Each structure stands twice: as C-alpha cells, then as structure tokens.
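Taken together, the values in this text are just the output of simple stated rules run on the coordinates, not laboratory data. As the structure is a computational prediction, the values presented were derived from the model and not from experiment. Counting neighbours? That spans all protein chains shown, and the Cβs are built from the backbone with ideal geometry, glycine included.
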Amino acid sequence: MKKLNTSILLLKGSILHEAPTGYNNNNFISNSTSTKFLGVIIENTLSWKAHINHLLPKLFMACYSVRTIKPFMCQENIKSIY
C-alpha cells in the first residue's frame, strides 16, 4: 500500500499559532513551511523565492545547452528547440 504524504501549510498571519499534528487514517500529518502543488512550490510566506531557486538550475542548463549548439545549427532549428 502506498504511503500518503500529508502535511499542513500554516500561512503567515493566520489565526493559529501552531499547526495541529497527528494522524488521519493511519497517515501522519506534519507541519511544513513549503509544499509543491501542481508543480509550483508554495511557501508559508507566499513568496516565490523557493520556487525560483528550484527552477534556476534547470533554466541555466537549458540556456547553456542552447548556447553550446548555436554555432552548429541554423537559426530556424535553434528557435524550434528554444
């Protein structure tokens, strides 16, 4: 049986001072400061910092790849890859 990952994301400025922890259907519920939802990393401060830090290495690698193949391909092919 697959273990479910369940966590509570308590947003800054909320009424609760501490997020509740415990068990729900034998799955432990833990506190979290960030979570990934639909490919976007959401932080409890609602800033983009963690999401951007997650994307930067992938974007640098993509830019480097396009830069390295640029001398060997015509511009139309580079545009289609980009």
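Note down all Cβ pairs under 7 Å where the first residue falls in segment 36-65 and is under 27 Å from residue 11 (Cα atoms), the second is in a loop (DSSP other than H, G, I, E, B), and they're at least six residues apart or on different chains.
Listed pairs, sorted by first residue: 43/33; 44/10; 44/11; 44/12; 44/33; 45/12; 46/11.
If I filter segment 32-65 down to residues being touching an Asp or Glu at 6+ places or on another chain (Cβ under 8 Å) and not in a helix (DSSP H, G or I), which single residue comes out as nearest to residue 80 (Cα to Cα)?
Checking each candidate, the answer is 34.
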